[in-house]
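The structure appears right after this line, and notes come after that.
The values are calculated or read from the model by the stated rules, or taken from the named source; none is laboratory data. Only a predicted model underlies this, so the values are computations on that prediction, with no experimental measurement involved. For neighbour counting, all protein chains shown are included, and Cβ atoms are generated from backbone atoms with ideal geometry for every residue, glycine included.
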Amino acid sequence: MGNVIRLANRTGFCFGVRRAIDMAGKALGGNRRIYSLGSIIHNRNVVEDLSKKGLKVVREVNALGKGDVVVISSHGISPRRARRIRKRGIKIIDTTCPFVLKAQATAKKLSEEGYNVIIVGDARHPEIKALVDFVATGTVVVKDGREAKKIKLDPNGKFSIISQTTQSMANFLSVIDAILEKRPRELRIFNTICKDAEERQEAARKLAREVDVMLIVGGRNSANTRRLFEVCRKISKSSRLIENEGEVRKNWFKSGDTIGITSGASTPDWIVKRVVKKIKSK
Ligand code: SF4
């Protein structure tokens, strides 16, 4: 078809996802039953692969007990939930990403020091569901600057802002602006966005400006993949989110188009390679 394909200079697994998969992989293969509390990473293909090796996804641990082993995903777990699991005699393999642990420790410390914690992120995402439980009282989750404008703040209160690790800096800054407009007496800001997410978005942004069509490869349930898509979509309306090579369509590209490819942090290299192969075969 005569297309040029260019890969963003940051694709494939991030450090946290690779570490989680390695930890789960090491636990598999023995006689113990191994469960994962929710998907270990937000990528259907990888989860299916691990399930063939014996990692069973469960939503709750009610049916599990002494001797069972549960893997916690890189998104982390709330302290209350972890205590409940241990109480049942279930062993935990905790793959929480160190960057997520840092955000949790920051939230806990701010809460102990009497700050209301404003978290920028998606309230339904497992990372945020766990993170809010590190704050004793006074936490609010906002999606973006528009939502932040609607919050009512006690002008004499102590406030802080932290972020879901995979947010874009632009969105984080939009919330900071909205909160500053309310003139809080005291405001502390901690940038808890992970370096990988920031650099991946920057690489995708750069590539999207230079190509005709941009493909973002990753799970539709993956927050960082969706964020990459939003970042690229703002630059190019020809950006498309696909989970794997099966979704590539011939009519998306004209002959001679340059096609850019980036991938979410939970997308393995082999899926990206298959996407490249599929485009070349068209
Ligand atoms: S995207 Fe960042 S925070 Fe999330 S698992 Fe990867 S390295 Fe950790």
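The number of residues in the range 75-98 being surrounded by 21 or more Cβ atoms within 10 Å (Cβ to Cβ) and hydrophobic (A, V, I, L, M, F, W, C) comes to 2. Of the residues making up the range 149-156, none is crowded, with 18+ Cβ neighbours inside 10 Å and under 20 Å from residue 171 (Cβ atoms). In the range 40-52, is there at least one residue being touching an Asp or Glu at 6+ places or on another chain (Cβ under 6 Å) and either without any contact (Cβ under 8 Å) to a residue 40 or more places away in the chain or among the aromatic types (Phe, Trp, Tyr) (or both)? The answer is no, given that none of the residues of the range 40-52 is touching an Asp or Glu at 6+ places or on another chain (Cβ under 6 Å) and either without any contact (Cβ under 8 Å) to a residue 40 or more places away in the chain or among the aromatic types (Phe, Trp, Tyr) (or both).
Filtering the range 266-282 to residues that are over 17 Å from residue 42 (Cβ atoms) and among the aliphatic types (A, V, I, L, M) leaves 275, 276, 279. None of 61, 71, 57 is free of Cβ contacts under 8 Å to residues at least 24 places away in the same chain, touching a strand residue (DSSP E or B) at 6+ places or on another chain (Cβ under 7 Å) and either more than 23 Å from residue 270 (Cβ to Cβ) or not charged (D, E, K, R) (or both) except 57. Tell me which of these residue 116 doesn't satisfy, since it passes every other one: (1) more than 30 Å from residue 64 (Cα to Cα); (2) surrounded by fewer than 19 Cβ atoms within 10 Å (Cβ to Cβ); (3) in contact with a Gly (Cβ under 6 Å, 6 or more places away or on another chain). Among (1) more than 30 Å from residue 64 (Cα to Cα); (2) surrounded by fewer than 19 Cβ atoms within 10 Å (Cβ to Cβ); (3) in contact with a Gly (Cβ under 6 Å, 6 or more places away or on another chain), the lone unmet condition for residue 116 is (2). Among residues of the range 119-139 being assigned to a helix (DSSP H, G or I) and among the charged types (D, E, K, R), the one that is nearest to residue 157 (Cα to Cα) is 133. Within the range 174-198, residues that are in contact (Cβ under 8 Å) with a residue 40 or more places away in the chain and within 16 Å of the ligand (Cβ to nearest atom) have Cβ atoms under 7 Å from residues that are not in a loop (DSSP other than H, G, I, E, B) and not polar (S, T, N, Q) in these pairs: 190/162; 192/102; 192/103; 192/162; 194/99; 196/15, counting only partners at least 6 apart in sequence or on another chain. Annotation note: of 178, 148, 170, the sole residue that is modelled with pLDDT under 95 and among the aliphatic types (A, V, I, L, M) is 170.
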